[in-house]
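Q: Sending over a structure as structure tokens; questions will come in a sec.
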Amino acid sequence: MEPDGAPTSSVGQTCDVGKLIKQGAEARVYSTTFMGRPTIVKERFKKKYRHPTLDKKLTHRRTTREVTAILRCRKSGICTPTVYFVDYESHRIYMENIENSTTVRDYIASEQKETQETNPETLVSLAQKIGTLLATMHDNDVIHGDLTTSNMLLRQPVDSSSPVVLIDFGLSSVSGLHEDKGVDLYVLERAFLSTHPNTENIFEHILVTYRKKSKKSSDVLKKLDEVRMREIGRASCRERV
Amino acid sequence: MASQSYELELFPNCKVTLALFDGVENCQDLKRCIMEGKVDAALLNVSMIIEPFQVLVSANKAFHVQQHGKMKTRNINSEILFNLSPTNNISESFKRFGVSNEDKSLLAVVLNDSNGEKLQRLTEQVEGTRIDMNQLKDFTDEAKIKKVYKIQDTELTNSTLLDAVICRMATKDAS
């Protein structure tokens, strides 16, 4: 039995919603079709340890935040999946399944492997695309909340004109605070540098582009520095203890 | 094909039939027929429709809210008009997405018409010609759609007009 009372299903099994392809702490992700179009269904499950009224409200809020962020990003020209239908009764979001794509995570790994370089031209140009995307997103006061290279896709075949598609807005919010944007970048920095060895230079390109393209970049990047200092301080406290 | 029928994956027992009419002389009468219950259909302003998918997304949501008793309008046909709109203003959605008295063409949406009776009854009332659904794109007014849905060209650099419209329809309740 699943935490929300649903029958246990394992990844790869098909049920009436679709084929389960991922199960996270917050939601299950299914693959199906919607009017013939390849579709992802993201279903947030009930948290039985919460009071049901509260759970319903919080889950509803998370769902609306996610789709609001997607639309807000779209409007500013950022590539996101198209939302087809939101079922607020079962907390399911039906959205476009970006097929024939690779994650930026896999792309970076394969480019480094293929070119045997740490900073191939392709990754520098990718970094610039990411920097521009983040600048646009933050200038529209959208905080992604879970920036990683697994949440960025590239449609195949990948070439210089392929836009980066941003996905998984499950933890996003709307905020104008420089602190929130700084933290958003910090999350990406940590995820980036821990996943991809020897990419400090590439990440720097992201920030350089961000600084150039974002209107409030200097304040945000100052906050990023502060967050970095805080984390270093915390880490050294832990070591001492 | 003169008319096209679709089944919705999420509502397998529900059928949606679309039919396109041109050279229509009596939109005003048709609207009255609908109000009086003589005709069971939604009559859409064709210029606001890009592709059948747009209507199906609207119909899907209409079935969903009807099933849960959460319709915002009086019946499922008017709910289809309402769901097409990017705003929550009901009368505005009827005005923008429903046929107006002077329109010469219309897109009819008939639901659960298993034996074709509803469409037949509608066709009998229409003073106009039924034309092939493939001609739908000839009526689409992209400039008007962009204006009503408030779609800027920035968004269209990385998205189709259809996706921009669908996303707005689907996320309307969230804002």
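The values are calculated or read from the model by the stated rules, or taken from the named source; none is laboratory data. These figures come from a predicted structure and were not determined experimentally. Positions of Cβ are generated from backbone atoms using ideal geometry, with glycine treated the same way; all protein chains shown enter the neighbour counts. Note: areas computed on protein heavy atoms with side chains; ligands, DNA, RNA excluded. Shrake-Rupley method; radii C 1.70, N 1.55, O 1.52, S 1.80 Å.
Q: Relative to the longest principal axis of the C-alpha atoms of chain A, give the angle of the C-alpha long axis of helix A:52-75, reported between 0 and 90° and rounded to the nearest 10°.
A: Around 50 degrees separate the two axes.
Q: To continue, here is another question. Could you please state how large a percent of the accessible area of the range A:34-87 is carbon and sulfur, counting protein chains only and using a 1.4 Å probe?
A: The C+S portion of the solvent-accessible surface of the range A:34-87 is 54 percent.
Q: Hey, if we sort A:LYS19, B:LYS150, B:LYS15 by accessible area with the 1.4 Å probe, largest down, what's the order?
A: Correct descending sequence by accessible area is B:LYS150, A:LYS19, B:LYS15.
Q: Quick check for you: with a 1.4 Å probe and neighbouring chains kept, what is the accessible area per residue of the range B:96-139, in Å²?
A: 53
Q: Can you tell which of A:VAL183, A:THR149, A:SER110 lies farthest toward the positive end of the dipole of the range A:110-191, using +1 and -1 charges on the Cβ of basic and acidic side chains (Lys, Arg; Asp, Glu)?
A: A:SER110
Q: Now for a separate question. Rounded to the nearest 20 Debye, what is the dipole magnitude of the range B:1-116 about its Cα centre when Lys and Arg each give +1 and Asp and Glu each give -1 at the C-beta?
A: 400
Q: Turning to a different aspect of this structure: Give the whole-number value, in cubic angstrom per residue, of the convex hull volume spanned by the C-alpha atoms of chain B.
A: Given the Cα convex hull of chain B, per-residue volume reads 119 Å³.
Q: Separate question: Report the full-extension gain for the segment A:ASP159 to A:SER76: residue separation times 0.36 nm, less the Cα-Cα distance, to one decimal in nm.
A: Fully extending the segment from A:ASP159 to A:SER76 adds 27.6 nm.
Q: For the range B:69-154, go through all pairs of different Cα atoms, get the mean of 1/r, take its inverse, and jot down that Kirkwood value in Å.
A: Hydrodynamic radius (Kirkwood, Cα pairs) of the range B:69-154 is 15.1 Å.
Q: Let me ask something additional. Where the centre of each part is set by its Cα atoms, how far does the range A:104-131 sit from the range A:134-187, in angstrom?
A: 18
Q: Nearest 100 Å² is fine: what is the total accessible surface buried where chains B and A meet, probe 1.4 Å?
A: The contact between A and B buries close to 2300 Å².
Q: Next up: Kirkwood hydrodynamic radius for the range A:32-118: how many Å is it when counted over pairs of different Cα atoms?
A: For the range A:32-118, inverting the mean 1/r across all distinct Cα pairs yields 15.4 Å.
Q: On a 1.4 Å probe surface of the protein chains, which of B:TYR6, A:TYR84 comes out largest in accessible area, and what is the full order?
A: B:TYR6, A:TYR84
Q: Antiparallel versus total DSSP beta bridges in chain A: what percent is that, nearest 5?
A: In chain A, DSSP labels about 95 percent of beta bridges as antiparallel.
Q: Give me the dipole magnitude in Debye, nearest 20, for the range B:65-154 about the Cα centre, with unit charges on the beta carbon: positive for Lys and Arg, negative for Asp and Glu.
A: My answer is approximately 420 debye.
Q: How large is the accessible surface per residue of the range B:1-71, computed with a 1.4 Å probe and reported in Å² as a whole number?
A: That works out to 41 Å² per residue.
Q: Okay, which of the range B:18-47 sit inside 16 Å, backbone N to the point 7 Å along the Cα-Cβ direction of B:SER5?
A: Inside the label zone: B:18-20.
Q: Give the residue from B:LEU18, B:ASN77, B:ALA41 lying farthest towards the positive end of the charge dipole for the range B:1-102; charges sit on Cβ (+1 for Lys and Arg, -1 for Asp and Glu) and the dipole is referred to the Cα centre.
A: Projecting each Cα onto the dipole axis, the largest value belongs to B:ASN77.
Q: Quote the Stokes-Einstein diffusion coefficient, in whole µm² s⁻¹, for the protein assembly as shown, based on the Kirkwood radius over alpha carbon pairs, a temperature of 10 °C and a viscosity of 1.306 mPa s.
A: Roughly 67 µm²/s, to the nearest whole number.
Q: Taking all protein chains in place and a 1.4 Å probe, what share, in percent, of the accessible surface of the range A:94-241 do carbon and sulfur account for?
A: 49
Q: Starting from 0.36 nm per residue, how many nanometres of slack lie between A:ASN140 and A:SER175 once their C-alpha separation is accounted for?
A: Value of the extension gain: 11.7 nm.
Q: Oh, and also: Efficiency by 1/(1 + (r/R0)^6): what FRET value for A:ASN100 and B:ASP29, r their Cβ-Cβ distance, R0 = 60 Å, to the nearest 0.05?
A: Here the calculated transfer efficiency is 0.75.
Q: A follow-up question, please. What shape does the range A:195-241 have by the C-alpha gyration tensor, where a ≥ b ≥ c are the square roots of the eigenvalues, rounded means a/c under 1.5, and otherwise prolate means a/b greater than b/c and oblate the rest?
A: Judged from the Cα gyration tensor, the range A:195-241 comes out oblate (a/c at least 1.5, b/c at or above a/b).
Q: Something else about it: In terms of solvent-accessible area of protein heavy atoms at a 1.4 angstrom probe, what is the ranking of B:ARG74, A:ARG44, highest value first?
A: B:ARG74, A:ARG44
Q: Right, here's the next one. From other protein chains only, count the Cβ atoms within 10 Å of every residue's Cβ in A:83-91, then give the mean.
A: The shielding value for this peptide is 6.
Q: Counting pairs of Cα atoms in the range B:72-111, how many percent are more than 11 Å apart?
A: Everything past 11 Å amounts to 63 percent.
Q: With r defined as the distance between the Cβ atoms of A:SER150 and B:ASP141 and R0 fixed at 25 Å, what FRET efficiency is calculated, to the nearest 0.05?
A: According to the calculation, E is roughly 0.05.
Q: Give me a single rounded figure for A:34-44: the average over its residues of other chain Cβ atoms within 10 Å of their Cβ.
A: 2
Q: Suppose a student asked you for the relative contact order of the range B:48-175, using Cα pairs under 8 Å spaced at least 6 residues apart; what percent would you report?
A: Across the range B:48-175, relative contact order equals 33 percent.
Q: Normalising by the residue count of chain A, find the relative contact order in percent from Cα pairs under 8 Å and 6+ residues apart.
A: 17
Q: For the pair A:THR64/A:LYS22, report the inter-label distance in nm, with labels modelled 7 Å from Cα in the Cβ direction.
A: Inter-label distance under the simple model: 2.6 nm.
Q: Now, a different point. Per-residue mean of other chain beta-carbon atoms within 10 angstrom of the beta-carbon, peptide B:155-162?
A: Taking all residues of B:155-162 together, the mean is 4.
Q: A further question on this structure: Run the 1.4 Å probe and let me know the accessible area of A:VAL124, rounded to the nearest 10 Å².
A: Rounded to the nearest 10, that gives 20 Å².
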